[in-house]
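Rule-based calculations on the coordinates, nothing more; no lab input. These figures come from a predicted structure and were not determined experimentally. Here the Cβ positions follow ideal geometry from the backbone for every residue, glycine too, while neighbour counts run over all protein chains shown.
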Amino acid sequence: MDDLSTATHARESGAHGGADQGSADRGPEDGTVRQTLSPSRASDFMTCPLLYRFRVIDKLPEPPSIATARGTLVHAVLERLFDRPAADRTPQTARALVQPEWERLAAEEPGLATLFPAEAERSVWMSEACAMLDSYFTLEDPTRLEPADRELYVETVLESGLRLRGYIDRLDVASSGDVRIVDYKTGTAPREEYEARALFQMKFYALVLWRARGRVPKLLQLMYLGNREIMRYAPDESDLRATERKVEALWRAIERAQVSGDWRPRPGKICDWCAHKAICPAFGGTPPPLRRETDSSGLAPIPALTSGSALTSSD
Ligand code: SF4
């Protein structure tokens with residue numbers, strides 16, 4: 001994949017991307033699309049079914065946190081960095097983008113500004129974001145890269161009718177056509193026993209690209225800015241077939257939970273960051289009544305699941 005570091009493809013346009021490479025999207029034989037799954041929501045269900053319910057079924061709002069806001073800001077700066085000419089993609093340029101990107105994000109999401117009652121707190125937080133951007137430059141040289149896409153929306157429909165979708169942080173395409181999927185993480189690299197979970201999201205994206213474009217991505221690259229580590233994985237077709245089986249099995253489990261209404265909590269480390277802890281029965285709380293009526297999003301009732309209605313979950 002060395003040639004990816006000097007790839008010079010122009011960024012593709014269009015919400016779905018990749019149309020110029022031909023579609024290998026198979027889709028269900030009867031043309032129906034059942035529901036939609038993103039890697040984030042798939043990960044939610046694997047981590048805690050009740051968390052999935054709170055986010056997808058109940059659509060409970062979650063206030064922004066300092067950690068998620070920092071991730072959003074760092075991602076925004078790294079996306080904008082590649083708008084600049086190659087020679088201008090320096091740590092100084094990245095730092096100079098922090099303030100305007102913060103102002104843009106805060107204007108779009110006013111709740112972000114309330115995270116920092118005092119200017120001093122925001123200043124420290126921004127310094128931490130700048131340190132993460134500095135870390136990025138220790139991992140790769142963006143002056144030698146010309147990404148094919150940034151924040152690329154991808155989707156495909158599996159034969160079962162399940163629609164998979166998500167946003168890829170960055171897609172690099174070499175002159176050979178080899179594709180590298182890149183994801184930035186503002187946390188630290190997981191311990192070895194949790195690597196498979198971290199790679200699931202990347203294999204999910206690889207599966208979507210493979211099914212949509214007909215070519216297995218060459219490399220999956222997770223960049224952990226929190227501890228300056230890169231995790232790389234070269235998938236093959238059997239990997240992606242296994243991922244597809246896993247996603248389908250996961251979806252069947254979600255459907256069973258929708259039928260039974262059994263969204264049981266699965267307490268773990270994530271509870272420390274869960275916005276819904278106060279209403280979680282694992283911590284003495286009471287969830288809101290489970291909605292069983294069809295709402296405007298079509299998420300319920302369960303019989304609709306087998307009648308081909310387009311049901312969505314957000315990423
Ligand atoms: S507090 Fe923990 S167990 Fe409860 S919903 Fe949140 S993640 Fe699940």
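Of all residues in region 264-285, which are in contact with a Cys (Cβ under 9 Å, 6 or more places away or on another chain) and more than 8 Å from the ligand (Cβ to nearest atom)? Give the derivation first.
We begin by selecting, within region 264-285, every residue in contact with a Cys (Cβ under 9 Å, 6 or more places away or on another chain); these are 264-268, 270-271, 274, 277, 280, 282-283.
Within region 264-285, R264 is the sole residue that qualifies.
Only one of the listed residues (A69, A76) is part of a helix (DSSP H, G or I) and in contact with an Asp or Glu (Cβ under 6 Å, 6 or more places away or on another chain). That residue is A76.
Rundown of residues vs (1) part of a strand (DSSP E or B); (2) closer than 30 Å to A253 by Cα; (3) in contact (Cβ under 8 Å) with a residue 24 or more places away in the chain, yes/no style:
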{"site": "P64", "(1), (2), (3)": "no, yes, yes"}
{"site": "Q92", "(1), (2), (3)": "no, no, no"}
{"site": "P117", "(1), (2), (3)": "no, no, no"}
{"site": "E128", "(1), (2), (3)": "no, no, yes"}
{"site": "V154", "(1), (2), (3)": "yes, yes, yes"}
{"site": "L164", "(1), (2), (3)": "yes, yes, yes"}
{"site": "D169", "(1), (2), (3)": "yes, yes, yes"}
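Mind counting the residues in region 194-215 that are farther than 24 Å from C48 by Cβ and surrounded by fewer than 18 Cβ atoms within 10 Å (Cβ to Cβ)? The qualifying residues number 2.
Checking each residue in region 42-54 for being touching a residue at least 40 places away in the same chain (Cβ under 8 Å), near the ligand (Cβ under 10 Å from one of its atoms) and part of a helix (DSSP H, G or I) picks out T47, P49, L50, L51, Y52, R53, F54.
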